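Every read-out reported here was derived from the displayed coordinates using simple, explicitly stated rules and does not represent laboratory data. As the structure is a prediction and not an experimental result, all values here were calculated from the model. Positions of Cβ are backbone-derived with ideal geometry, glycine not excepted, and every protein chain shown enters the neighbour counts.
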Amino acid sequence: MQIPYILLQTVLVPVLLTPILALLGKKIGKYVGWIACGILTYTTILLLLVGVDLWNGSQPISEEYTWSISIFTLKFGFLADGLSLPVAFIMNLVCAACAAYSIHYMEHRIEQLYGEEAKGMHAVYYSIYLLFAVGLVGVALSTNLIELYVFVELALIPSYVMIDLYGYIDRHRIAMMYFIWNHFGAALFLIGIIIASFTNGSFEINALHMLSGNPVAFWVCLLVLVGWLVKMATFGFHVWLPYAHGEHPTSIAAIIATIVGLGNYVIVRLLVDQLSAVFQIFAFPLMILALITMVYGAFLTIAQDDIKRLYACSTISQTAYSLLGIGSLTVMGITGGIFYFLSHTIGKCILFSVAGIILCQTGLRDMKKMGGLAQKMPLTATLCILGSMILSAIPPLSGFQAEWIMFTGIFQQGIGGTTAGLVAALIGIFATFLTTVYTFWPVMRVFFGPLPKNLEETKEAPFSMTIPLFILALVSFILGIYPDLIMKFLSSAIP
């Protein structure tokens with residue numbers, strides 16, 4: 001059965017239902033979270049159906065729309081191909097899982113901040129929450145540069161509001177810090193795409209390749225790349241991330257980590273795909289920056305005792321893995337880099353959510369005050385181990401396959417290229433060892449050893465928090481056993 005406007009629906013349905021969610025939330029409070037989860041589950045199913053069509057040999061699905069206002073006409077569209085579809089699907093799936101997870105978590109957080117009767121704050125939270133998915137999916141499916149920028153902003157602004165309204169220590173200042181840094185990156189990106197669009201006479205992403213041979217292409221590539229490196233918190237631009245990730249409500253932690261990693265997709269879609277000749281100039285410096293970020297981020301993570309801040313700092317290191325693969329400019333490196341971004345999104349969602357569960361159930365963030373919690377929270381301990389396995393690339397989960405494919409491409413570039421390329425690949429392998437250290441170290445500190453007396457009454461988290469995370473772990477397991485479910489798509493889009 002042909003579903004009309006299937007890509008438009010994935011973006012428009014959550015937008016249209018946001019006011020209804022706001023009205024219902026004032027009456028039913030936290031239970032509006034199940035409606036939000038249902039909406040995102042529906043859009044996830046739509047994306048899955050698109051994926052089935054592409055898997056069965058269908059051509060990429062494209063939708064184009066025209067919006068006319070008086071003398072002004074705006075054209076925009078959506079494209080689901082082998083690159084955009086898996087990115088959109090995984091991001092939407094994570095948003096759906098976090099919506100269910102949020103129900104108990106936000107009940108706890110809103111009671112702390114605003115009292116038990118503040119049902120309206122549930123309405124605000126879930127109304128804004130739906131915009132995350134709209135922004136993320138919109139970025140993945142956009143065919144127009146201005147449209148893409150609008151969706152980037154649509155994902156960013158709710159993040160700022162969430163931190164400001166529901167965050168932790170000094171949340172107002174940190175929300176502003178997050179807003180300024182990310183808007184600085186977005187401004188550079190906007191300047192780059194405006195220069196490209198006026199030079200080409202077109203805002204279409206597929207028109208970017210016409211800049212090849214034009215000196216302007218270098219500056220466009222530089223502005224777009226640096227803009228997204230700021231938003232990805234690479235070394236030198238990373239200052240804001242530990243604060244923003246450490247103090248936001250943990251129910252949206254995975255989504256903000258996804259926004260950080262989204263730059264990997266945009267770089268491939270705009271620069272590798274459309275401006276490959278110019279991007280080659282930046283490729284090896286990008287690999288060097290990625291290595292510095294990976295190693296620095298790893299040591300910064302190891303130095304943390306606060307479990308939320310630890311997983312926040314690890315995002316700095318983990319996001320750079322994909323940049324290393326993309327910088328190799330090999331097919332395996334690029335596809336593996338995108339695969340790793342998606343795998344990391346799942347793994348980091350699980351780990352950040354585990355940190356939120358611990359905070360809800362114990363009231364603690366300091367790992368020095370924890371230990372032995374596996375006795376009281378076996379499901380949460382299992383989730384933490386699974387999330388750590390994904391990030392540490394331990395089979396049979398998706399991180400292993402993603403990292404294996406990515407490093408195959410990186411070593412191809414090193415062996416077939418320069419000695420420096422080979423050294424970069426070897427340093428990347430060293431960084432993977434550090435990942436294993438900083439992901440399993442908190443597992444040992446939090447869940448094993450003697451149980452402190454003040455934690456003897458700790459209870460396991462409700463199923464609404466754990467089951468969505470086990471579903472994500474199952475997706476990672478399936479992708480780890482059968483990576484062709486992702487690689488068939490990516491390989492078709494990145495020749």
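Structure notes:
- From least to most packed, judged by other beta carbons within 10 angstrom and beginning with the fewest, LEU434, LEU113, LEU479, LEU474 follow the order LEU474, LEU113, LEU434, LEU479.
- Prolate/oblate/rounded label for the stretch 234-288 (Cα gyration tensor, a/c 1.5): oblate
- Cα-based Rg and Dmax for the stretch 1-107, where Dmax is the largest Cα-Cα distance (Å): 16.2, 49
- Each of (1) 22.5; (2) 25.8; (3) 49.1 is a candidate for mean projected area of the Cα convex hull in nm²; the one calculated from this structure is (1).
- Anisotropy class of the stretch 371-484 from Cα gyration tensor, a/c 1.5 cut: oblate
- The phi-based Karplus calculation (6.51 cos²θ - 1.76 cosθ + 1.60; θ = phi - 60°) puts the 3J(HN,Hα) values of the stretch 341-356 at 4, 5, 5, 4, 4, 5, x, 6, 4, 5, 5, 4, 5, 4, 4, x Hz, whole numbers, x for Gly and Pro.
- Mean separation of Cα contacts under 8 Å (6+ apart) over length of the stretch 63-215, as relative contact order %: 19
- Residue order for PHE463, PHE400, fewest other beta carbons within 10 angstrom first, comes to PHE463, PHE400.
- When peptides 310-318, 15-23, 269-277 are ranked by their average number of other Cβ atoms within 10 Å per residue, the highest-first order is 310-318, 269-277, 15-23.
- Our compactness index for the stretch 193-341, the C-alpha radius of gyration over the empirical 2.2 N^0.38 Å, is 1.09.
- Ordering of 165-177, 379-391 by packing [mean C-beta count within 10 Å, highest first]: 379-391, 165-177
- Full extension of the chain between PHE448 and MET210 gives 79.9 nm of extra length, using 0.36 nm per residue less the Cα-Cα distance.
- Percentage relative contact order, the stretch 60-123, counting C-alpha pairs under 8 Å, at least six apart: 20
- Spin-label model distance (nm) - TYR114 vs LEU49, 7 Å beyond Cα toward Cβ: 3.5
- Using a Förster distance of 56 Å, the FRET efficiency for VAL331-LYS27 (Cβ separation, nearest 0.05): 0.60
- Label positions at THR419 and ILE281, each projected 7 Å from the Cα along the C-beta direction, are separated by 2.8 nm.
- Amide H contacts under 5 Å for LEU74, placed H, 5+ residues apart: TRP67, SER68, ILE69
- Neighbour counts of other Cβ atoms within 10 Å put TYR340, TYR149, TYR438 in the fewest-to-most order TYR149, TYR438, TYR340.
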